[in-house]
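Notes to accompany the following structure.
We did not get these values from a lab; they are worked out from the coordinates using the rules stated. None of these values were measured; they are calculated from a predicted model. Counting neighbours? That spans all protein chains shown, and the Cβs are built from the backbone with ideal geometry, glycine included.
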Amino acid sequence: MQYKTKSVASFVVAILSLVSPPISANAPFELMGKTTNTGHKTSYMANKKEVSLPVTVINGEKEGPVLLLTAGIHGDEYPSMFALQQLQQSINPKEMSGVLVVVHLANLDGFHEHRLALNPRDEKNLNREFPGSADGTPTEQIADLLTKEFISKADFLVDMHSGSANQSLLNHVYSPFIGDEALDELTLAFAKATGMQHIVLYGDRPKDPNNSISYPNTAMTRGKPGLTTEIGHLAQSKEEFVKDAFTVARNTMVFLDMLEGEPAEHPEPIIYETLKSAKSTTTGFFQPAVVIGDKVQQGQEVGTVLDYFGNQVETITAPISGTVMMVNQTPPIKSAESVVTIGVEVVQ
């Protein structure tokens, strides 16, 4: 499908205004008890019960949509954290339309405890606990707060991730779909507008807003486009990763006419209809035989597993033909863990 970026952005703002009254960028914007006046920027710690989130709100001079950008759902995924710091520092509210809400770091405990994906306070994965519970565990409380206070006031959401310490991955964006044709088409247009080449269609999440599971799916089940970006890997914060994340975040603002600029769709986008993982059936040392971006055929060797004495005990093969999107780069592997993820392109 082909989309005209500017017209689509204008169309969605008009549609959203029919569904629920938009928050005018020309009026003060209230979030978590803090008010940001028109043409101003506010950075603060948003606190409720045991939850504390570093937030920046930029209320533009002109009317426009509310965009929510979030980093640190997983505390060891750093590039987007730095990118969103740089983004908010680079924006002059008087030259911006709409409202930008930045959650700089959603999982503070995971970040400070150097934890891969989980929150050490309850050993839960925030991206599997939505819509959360106000009276639940610490992770469930974060999910509840993000759902009720942040998603409720946003028109668009981008959940920004990267590969953890054990993962190398090909930069890509997930474009969810839930069976609402207009919303799904708009979400795909939004994904293309990031400028990322690799776009994964994703329809495996529940349609029930009361059991939405993930952060972007919580937005989708409430009628709002929600993307997940994966930029950078191996828990590194290389300058190139930060730059890519910054560019993607800014591109979303240009798409929504919040900032001046030209649409930045990739000239040759690659859309994947599914992802499938190769898994180990044994425990030991994993040794990959492929790298991200490789084209593999079904049955091709993608890695081996050694026992603790260095003996090869398993050869792992590709379950399907496609492009290698993720590789487990560290040796420790347990039975049933994914070692390589393969993307299958949409047949044109």
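Observations on the structure shown:
- For the stretch 227-249 and the stretch 319-340, distance of Cα centres in Å: 21 Å
- Given +1 at the Cβ of Lys and Arg, -1 at the Cβ of Asp and Glu and no other charges, the dipole of the stretch 276-343 around its Cα centre is 180 debye to the nearest 20.
- Unit charges at the beta carbon, dipole of the chain: most positive-side option, Ser52, Ile178, Ile271: Ser52
- For the stretch 209-348, average projected area of the Cα convex hull in nm²: 11.5 nm²
- One compactness figure for the stretch 276-343 is 0.99, namely its Cα radius of gyration divided by 2.2 N^0.38 Å.
- When chymotrypsin sites (Phe, Trp or Tyr not before Pro) are flagged only if DSSP places them in a loop and at most 10 other Cβ atoms lie within 10 Å, the longest unflagged stretch of the chain comes out as 1-307.
- Phi-based couplings in Hz for the stretch 225-240 (Karplus 6.51, -1.76, 1.60; Gly and Pro marked x): x, x, 10, 10, 9, 10, 9, x, 7, 6, 6, 9, 10, 4, 4, 5
- Cα-Cα separations in the stretch 255-311 greater than 20 Å, expressed as whole percent: 54 percent
- Computed over the stretch 85-236, the range of Cα coordinates on each principal axis works out to 38, 35, 34 Å, biggest value leading.
- Within straight-line cross-link reach of Lys295, aspartates and glutamates at Cα separation under 12 Å, skipping those fewer than 8 residues along the same chain: Glu345
- Candidate cross-link partners of Lys279 among the aspartates and glutamates, defined by an alpha-carbon separation under 14 Å and a same-chain spacing of 8 or more, comprise Glu301, Glu314, Glu337.
- Antiparallel bridge percentage (DSSP; both residues within the stretch 5-255; nearest 5): 55 percent
- Under DSSP loop assignment and at most 10 Cβ neighbours within 10 Å, longest GluC sites (Glu not before Pro)-free interval of the chain: 124-259
- Rounded to the nearest Hz, the phi-derived 3J(HN,Hα) couplings of the stretch 44-58 under the Karplus curve 6.51 cos²θ - 1.76 cosθ + 1.60 (θ = phi - 60°) are 6, 8, 8, 10, 7, 6, 9, 9, 9, 10, x, 10, 10, 10, 10, where x marks glycine and proline.
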